[in-house]
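Everything on this sheet refers to the single structure shown next.
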Amino acid sequence: MKLGIITSALALAALIFTGCRKNEEPHDIYNEIKSVNRLNLAGMTISKMATIDDITLDEAKGVKETADALLNAIKIGDRIAVYSYDTYLRAYIDLSELTPSDVAVDESTRSVTLLLPAIKTEFAGRDLPIRENHYRVTGLRSAINAKERAAIKERMNESLKAEVRRNPQFQNHVKSEARRKAVAYFESMLGNLGYSADISFKSK
C-alpha cells in the first residue's frame, strides 16, 4: 500500500511536469531579433590631407588662371596651408531586412540557425570641420579665405570617398570586424534565452 502511494505520487509529479513543458510558450526568436532594427557594429576613421597655395604657371588653365599665376610669381612672400579632414566609415546590419525564413528554431535541441542580412557600410561625420595643420602667409600674399577652405574640404571628401571605392581594403577591414562582433552579439543574446546559435551572413 505504501509503495502504491509513492508510485502514484511520482506519476502525478511526472504528469504535472510534462504538462508544464507542453504549455510553455517558445520564444519568438524572429521578432526578438528583428526588433533590434539596426545594429551598428564597427567603424574606422579615415583621414585625408591637402595643401592650399598659389597657382603656378604650370598648373594654370585658361586666361584668368594664367594671369593669376603671373601675378603670383612676382608677389613677395609665401602662401601655403596644410589641412586634414577625417571621415568615419561605419559597418552595420539592417535587421528590418530579416525574413522568417532566415531564422530556424529547433526546440528539441534548443538551437537556432540564423542567416543575417549582409553587412553594409556608410560614411558618417561628413560635416566635421577640417583641421589646419600648417599655415604660412607672409609678405604681400593674400590670406586663405573661407571659400578656399570650403572648396579644399569638398575636394578632400570626394577624393577620400573615391579612394575607399577603389581600394576594398577599408571596407573589408570594417566588415570583418563587424561580422565578428555580430556573431558575438547574437550568440550572447540567444545564449541568454537558452539557445545555441549557428550564425552566417548573406552575401548581398
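The values are calculated or read from the model by the stated rules, or taken from the named source; none is laboratory data. Note that the structure is a prediction, hence the values are computed from the model and not measured. Note that each Cβ is placed from the backbone with ideal geometry, even for glycine, and that neighbours are counted across all protein chains shown. Note: accessible area is taken over every heavy atom of the protein model, side chains too, but ligands, DNA and RNA are not part of it. Shrake-Rupley method; radii C 1.70, N 1.55, O 1.52, S 1.80 Å.
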Test set (1) in contact with a Pro (Cβ under 8 Å, 6 or more places away or on another chain); (2) under 30 Å from GLY77 (Cα atoms) - LYS202 fails condition number:
(2)
Failed condition for GLU187, given (1) modelled with pLDDT of 95 or more; (2) open to solvent by 40 Å² or more (accessible area, probe 1.4 Å); (3) part of a strand (DSSP E or B):
(3)
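Condition check ((1) within 44 Å of the chain's Cα centre (by Cα); (2) at pLDDT 55 or above; (3) in a helix (DSSP H, G or I); (4) of a type in the set (A, V, I, L, M, F, W, C)) across all residues:
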{"residue": "ALA14", "(1), (2), (3), (4)": "no, no, yes, yes"}
{"residue": "ARG21", "(1), (2), (3), (4)": "yes, no, yes, no"}
{"residue": "GLY43", "(1), (2), (3), (4)": "yes, yes, no, no"}
{"residue": "MET49", "(1), (2), (3), (4)": "yes, yes, no, yes"}
{"residue": "LEU57", "(1), (2), (3), (4)": "yes, yes, no, yes"}
{"residue": "LEU70", "(1), (2), (3), (4)": "no, yes, yes, yes"}
{"residue": "VAL82", "(1), (2), (3), (4)": "yes, yes, no, yes"}
For the list (1) surrounded by 10 or more Cβ atoms within 10 Å (Cβ to Cβ); (2) in contact (Cβ under 8 Å) with a residue 24 or more places away in the chain, I need the number of the one condition that GLU158 fails.
(2)
Criterion: over 18 Å from ILE199 (Cβ atoms) and either modelled with pLDDT of 95 or more or open to solvent by less than 50 Å² (accessible area, probe 1.4 Å) (or both) - qualifying residue of ALA124, ALA118
ALA124
Tell me whether the range 122-142 contains one or more residues that are under 28 Å from TYR185 (Cα atoms) and polar (S, T, N, Q).
no
Out of the residues in the range 127-152 that are basic (Lys, Arg) and open to solvent by 50 Å² or more (accessible area, probe 1.4 Å), state the one that is nearest to LEU39 (Cα to Cα).
ARG131
Filter the range 161-180 for residues that are closer than 25 Å to LEU95 by Cβ and open to solvent by less than 80 Å² (accessible area, probe 1.4 Å) and give the result.
VAL164, PRO168, PHE170, GLN171, VAL174, LYS175, SER176, GLU177, ALA178
Restricting attention to the range 33-51, the residues that are more than 19 Å from ILE93 (Cα to Cα), open to solvent by less than 70 Å² (accessible area, probe 1.4 Å) and hydrophobic (A, V, I, L, M, F, W, C) number exactly 2
Among the residues of the range 96-106, is there at least one that is farther than 15 Å from ILE33 by Cα and either open to solvent by 70 Å² or more (accessible area, probe 1.4 Å) or touching a Lys or Arg at 6+ places or on another chain (Cβ under 6 Å) (or both)?
no
Here the residues within the range 190-204 that are part of a strand (DSSP E or B) and either free of Cβ contacts under 8 Å to residues at least 60 places away in the same chain or more than 16 Å from the chain's Cα centre (by Cα) (or both) are SER196, ALA197, ASP198, ILE199, SER200
